[in-house]
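One structure is given below, encoded as structure tokens.
The values are calculated or read from the model by the stated rules, or taken from the named source; none is laboratory data. Please read these numbers as outputs of a predicted model, since none were measured by experiment. Here the Cβ is made from the backbone with ideal geometry for all residues, glycine too, and neighbour counts use every protein chain on show.
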Amino acid sequence: MMKKLATTIILIGFCLAGKAQYNHSLIIEPLLKTDTTSIGQKIHYPQFQNDEVTMSKITIPPGKSTGWHKHEFPVFAYVLKGNLTVEVEGGKSFGFKENSTISEVINVFHNGINNSKEDVVLIAFFMGEKGKTLSVHKETDKKNK
């Protein structure tokens, strides 16, 4: 089901981005087309029993962070406002400016930080499973081991 949904979304995107437009006044800007995460991991859609897509608006106030967490499935985000710094376990960090996209890392702990004086606002798409958590926080992961 998840693969069918993803394939359908991709096909619709290709149709809209190509010559087959509904209306000549539409402006279509491709935002992200990738088969890897921001650190180069190959994206694989997991096989879930109950696929579910969650779309969330996430606001990170100035000086705050998401906390160290990981996702066990693909997550994609659009930086609607502000500049986000993402630290990845192992010491690397990446910057994402307003109007940029993120193909989030999978099964790697990371922390999103707002180092600015204005809110960072993200629109995130979680390709997960019904009834499962969207992210695993580092402290929770340690308790489960």
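Worth a mention:
- Qualifying residue in the stretch 52-59 (condition: acidic (Asp, Glu) and modelled with pLDDT under 95): no
- Extreme residue, surrounded by the fewest Cβ atoms within 10 Å (Cβ to Cβ), among residues of the stretch 76-102 that are under 13 Å from Ile58 (Cβ atoms) and over 14 Å from the mean Cα position of the chain (by Cα): Lys81
- Contacts under 7 angstrom Cβ, first residue in the stretch 35-50 being among the aromatic types (Phe, Trp, Tyr), partner surrounded by 14 or more Cβ atoms within 10 Å (Cβ to Cβ) and modelled with pLDDT of 95 or more, 6 or more apart: Tyr45/Pro74; Tyr45/Met127; Phe48/Glu129
- Scope the stretch 103-134; condition surrounded by 14 or more Cβ atoms within 10 Å (Cβ to Cβ) and acidic (Asp, Glu); matching residues: Glu104, Asp119, Glu129
- Which listed residue, of Asp35, Asp51, is within 15 Å of the chain's Cα centre (by Cα) and of a type in the set (Asp, Glu): Asp35
- Among the conditions (1) at pLDDT below 95; (2) in a strand (DSSP E or B), the only one that Glu87 does not satisfy is (1).
- Qualifying positions in the stretch 23-75 - exposed (fewer than 12 other Cβ atoms within 10 Å of the Cβ), of a type in the set (D, E, K, R) and assigned to a loop (DSSP other than H, G, I, E, B): Glu29, Lys33, Asp35
- Count of the stretch 90-131 residues, restricted to those that are modelled with pLDDT of 95 or more, outside any strand (DSSP E or B) and closer than 17 Å to His69 by Cβ, is 7.
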